[in-house]
Amino acid sequence: MRPSSEGKVQPGPEFLHPAKFKIILDSINDGVFTVDKDFLITSFNRAAEIITGVKQREAVGRPCWEVLKAEICEGECALKETMRFARPVVNKPVQILSAQGLRIPISVSTAVLKNERGNIIGGVETFRDLSAEEELRREAEHKYSFHEMLSKNSRMQGIFELLPQIAQSDCNVLLIGESGTGKELLAKALHNLSQRSSRPLLTLNCGALPESLLESELFGYKAGAFTGAQSDKPGRLSAAQGGTLFLDEIGDISPAIQVKFLRVLQERVFEPLGSNEPMHTDARFIAATHKDLKNEVREGRFREDLYYRLDVVQIALPPLKERREDIPLLIQHFISKLNRRYRRNIQTPDSEALRCLMTHEWPGNIRELQNALEHAFVLCRRDIICLEDLPSSIRKGKPKAWKKESANLREMEASLIQEALRRNNGNRAAAARELGVHKTTLWRKLKQLRPNEDA
């Protein structure tokens with residue numbers, strides 16, 4: 001380096017020497033390559049070789065899209081965007097195809113290359129291998145997933161452990177929980193784990209239908225039973241023979257239907273509308289409600305004998321505000337699904353958006369969280385969800401104090417690892433087992449968290 005006549009430091013000839021330039025590039029842990037204005041690769045460092053599986057001699061001189069084969073190459077190429085608008089791209093998550101045919105998640109950053117006159121002569125792209133982070137995310141999601149449900153909450157984990165036993169018993173089950181807590185997913189899991197899994201699972205939302213329509217949907221009817229009934233129609237009780245009938249919002253059915261349904265539970269028979277001939281049903285019943293049915297019984301709005309017929313086994317799902325440790329897990333799960341649906345590459349919420357999501361009371365629970373993230377996907381113009389992308393009802397809500405001061409999901413992940421180590425007195429093997437990851441994965445994460453320490 002040498003000073004200019006204006007006192008500014010400019011690169012000297014020795015800095016630009018190709019051999020020394022290569023040494024510098026090869027000392028960087030991230031993949032780095034440069035291109036000319038035609039997007040032909042002019043340099044390719046050692047880390048880029050390791051990540052892509054392509055040797056430098058094979059990469060130099062070829063178009064960059066032939067080497068990286070990224071999903072954005074033909075569309076929203078970060079390097080093309082940078083060279084066209086002279087605007088850098090920072091930490092854009094994409095996937096590339098390695099020389100071995102493996103899809104590798106990476107995070108790319110781009111900038112333009114200029115000559116001494118300030119003219120753009122090419123571009124540079126750096127990329128970081130996110131495989132370790134993806135592996136940890138997949139392993140954590142696998143550990144905490146159960147038949148399409150995700151939770152690390154101790155109460156939910158207890159439910160997951162009991163569910164197979166409950167499913168095999170064939171008894172009536174009553175699911176209690178606020179709207180949006182996942183009662184329908186739980187009913188689906190009970191059915192799929194039961195001996196009835198090869199038979200149909202039918203759902204009837206009792207709160208969405210008026211009494212007359214609900215009665216005909218449940219029991220069916222004979223031709224001529226009422227005006228417009230031109231032919232027989234089987235009800236859900238007939239259609240669910242040998243399978244499972246899930247009655248959502250059972251607390252909303254009228255007293256008249258309560259009496260008829262009580263007979264179904266007691267005698268396993270029912271009569272379609274317009275018929276005097278009893279029919280047998282072999283369906284299993286799972287009911288769900290967001291109401292306090294014991295209070296409904298006390299107030300005389302729900303029959304006590306029907307309640308106890310339904311309440312053979314009761315499962316109470318906690319609201320999302322009581323399982324906030326699940327919010328980061330659910331955010332990443334929904335972002336992955338929405339990225340596939342909308343063909344986006346959104347990574348995470350920024351610190352302010354995450355704080356808002358973590359402190360919101362979530363009256364609509366998991367369904368509300370999913371809708372909020374989809375709303376953000378529609379409005380988000382960048383690769384990170386910002387506070388202004390979230391629904392105004394969530395942004396304007398009064399936040400509850402958040403004990404964790406984590407700035408992003410990576411810091412929350414680090415906090416999770418540190419807490420597991422503390423609980424296991426620093427035993428990394430035991431901490432890895434608790435986290436549900438391989439010990440080598442935990443070792444890599446510790447190296448990223450504490451790069452200057454001997455992990």
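The values are calculated or read from the model by the stated rules, or taken from the named source; none is laboratory data. Quick caveat, the model's predicted, so the values are computed rather than measured. Note that each Cβ is placed from the backbone with ideal geometry, even for glycine, and that neighbours are counted across all protein chains shown. Areas reflect the complete protein model, heavy atoms only, side chains present, ligands, DNA and RNA absent. Shrake-Rupley method; radii C 1.70, N 1.55, O 1.52, S 1.80 Å.
Segment Gln241..Asp311, full-extension length gain: 23.1 nm, with 0.36 nm per residue of separation and the alpha-carbon distance subtracted.
Please report the carbon-and-sulfur percent of the accessible area for region 288-338; probe 1.4 Å, protein heavy atoms only, DNA, RNA and ligands left out.
Roughly 43 percent, rounded to a whole number.
Heavy atoms of the protein chains alone define the surface here; on that basis region 183-287 has 45 Å² accessible area per residue at 1.4 Å probe size. Ignoring ligands, DNA and RNA, please state the percent of accessible area on region 149-230 from carbon and sulfur, probe 1.4 Å. The C+S portion of the solvent-accessible surface of region 149-230 is 48 percent. Derived scalar couplings between HN and Hα for region 382-392 equal 10, 9, 10, 6, 9, 4, 5, 7, 7, x, 4 Hz in order, rounded to whole Hz, by the Karplus curve 6.51 cos²θ - 1.76 cosθ + 1.60 (θ = phi - 60°), x for Gly and Pro.
Under the rule of at least 5 residues apart or a separate chain, name every residue whose amide H is placed under 5 Å from the amide H of Ile121. For Ile121, the qualifying residues are Leu113, Lys114, Asn115.
Solvent-accessible surface of region 28-107, averaged per residue with a 1.4 angstrom probe and all protein chains in place: 53 square angstrom.
Charge tally around Val124: other residues with Cβ under 12 Å, Lys/Arg +1 each, Asp/Glu -1 each, net -2. Couplings for region 192-208, taken from phi via the Karplus curve 6.51 cos²θ - 1.76 cosθ + 1.60 with θ = phi - 60°, read 5, 8, 8, 6, 9, 4, 7, 9, x, 10, 10, 10, 9, 8, 5, x, 9 Hz in order; Gly and Pro are left as x. Computed from backbone phi, the HN-Hα couplings of region 310-324 come to 6, 8, 5, 10, 10, 10, 9, 8, x, x, 4, 5, 9, 9, 5 Hz, rounded to whole numbers (Karplus: 6.51 cos²θ - 1.76 cosθ + 1.60, θ = phi - 60°; Gly and Pro given as x). Note on region 64-155: Cα convex hull, mean projected area over all directions, 8.7 nm².
Highest-first packing order for the peptide set 384-394, 365-375 is 365-375, 384-394, based on the mean count of other beta carbon atoms within 10 Å. For Arg196, neighbours were defined as the other residues whose beta-carbon sits under 14 Å from its Cβ, and their charges (Lys and Arg +1, Asp and Glu -1) total +1.
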